[in-house]
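The values are calculated or read from the model by the stated rules, or taken from the named source; none is laboratory data. Computed from a predicted structure; not experimentally measured. Counting neighbours? That spans all protein chains shown, and the Cβs are built from the backbone with ideal geometry, glycine included. Surface areas here come from the heavy atoms of the whole protein model, side chains and all, with no ligands, DNA or RNA. Shrake-Rupley method; radii C 1.70, N 1.55, O 1.52, S 1.80 Å.
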Amino acid sequence: MKIALHQIAYQIGMHPNEMAKLVYEGEITGEVPNRNPQAKDAWVDLHSLKNFIEWKFDQGAFDRMFFDKAMRHVNKAMGNK
């Protein structure tokens, strides 16, 4: 399920450039045309992003507050309550 990169990045509290770097490095699935995370057609896959956030939280890389906020926005974008 695709969502605009800049939209979800700001919602979860991550800079679009930081999220674009995750796409470049293959950590999450997405596309960043012309290496411009602000482009209208730059996107990330929500399932991939959700799995990445859960994985990093389990490793202790994200604190509980970031995790809860990110998951709330990802689930909302996916249509889950």
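Here the spin labels are modelled as points 7 Å beyond Cα on the Cα-Cβ line, and at PHE66 and HIS15 they lie 1.3 nm apart.
Could you work out the relative contact order of the chain? I mean the mean sequence separation of Cα pairs under 8 Å and 6+ apart, divided by the number of residues, in percent.
Details: 102 pairs, mean separation 26.8, N = 81.
It comes to 33 percent, rounded to a whole number.
Full extension of the segment from ASN36 to ASN75, taken as 0.36 nm per residue of separation minus the current Cα-Cα distance, would add 11.5 nm. The heavy atoms of ASP63 present about 90 square angstrom of accessible area, all protein chains included, probe 1.4 Å. Remark: C-alpha extents of the chain on the principal axes read 34, 25, 17 Å, sorted largest to smallest. Only the Cβ atoms of Lys and Arg (+1) and of Asp and Glu (-1) were treated as charged; on that basis the dipole of the chain about its Cα centre amounts to roughly 320 debye.
In this structure the chain gives 61 Å² per residue of accessible area when probed at 1.4 Å with all protein chains present.
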